[in-house]
Amino acid sequence: MSDDQKLWRGIRTGITLGLILLASGICAGTCAAQSDKSLPIVTSASVPFYPRVPQTAHIEGVVKLRIWTDGIGVSSAKVESGPVMLGKTAEENIKSWKFEQHTPTTFEVTFRYVLLPSKCDPGCRCDDTEHPTVVLHLPSLVEVSAKRVMTCDPVENR
């Protein structure tokens, strides 16, 4: 094996170990609130989107759900807190989740819905560099962002 191949192999190994440690650190922080039992591994899920009506109404917030699994899917979900319109959307998304086979369990999931500034927001100095995103830290955290819907005069906001 050449020196270049050894170098790249070392870099790949370092990156892999770094990602494993990062994932462990993220889970240590986000899973600490969960009980000591391990959480099931999500194998498939629908991509969550910011629902149009709450986006237009400028509704954002944190939704906490309690979910029960039957060993491969979500058997039941209950919104524990958060805006009602966002809670219904989060609950619908959760029901699409499938897991690796596991012992039926219950745990909490958090959905964070955030509206990003729009050029039409008063005093906004945004340049459209922030884009809507969906970040999944499954199965405990889902973050969804979208642009704030605004009606404005494009001539005034140049």
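Only the coordinates and a few stated rules stand behind these numbers; no lab work does. The structure presented is a predicted model; accordingly, all values stated were derived computationally and were not measured. Virtual Cβ from ideal backbone geometry, glycine too; neighbours counted across all protein chains shown.
Go through segment 60-116 and count every residue that is of a type in the set (Lys, Arg) and part of a loop (DSSP other than H, G, I, E, B). Steps first, answer last, please.
Of segment 60-116, the ones of a type in the set (Lys, Arg) are 64, 66, 78, 88, 95, 98, 112.
Those still in the list that are part of a loop (DSSP other than H, G, I, E, B) too: 95.
Number satisfying all stated conditions: 1.
Restricting attention to segment 53-72, the residues being surrounded by fewer than 16 Cβ atoms within 10 Å (Cβ to Cβ) and farther than 28 Å from Ala146 by Cα number 4.
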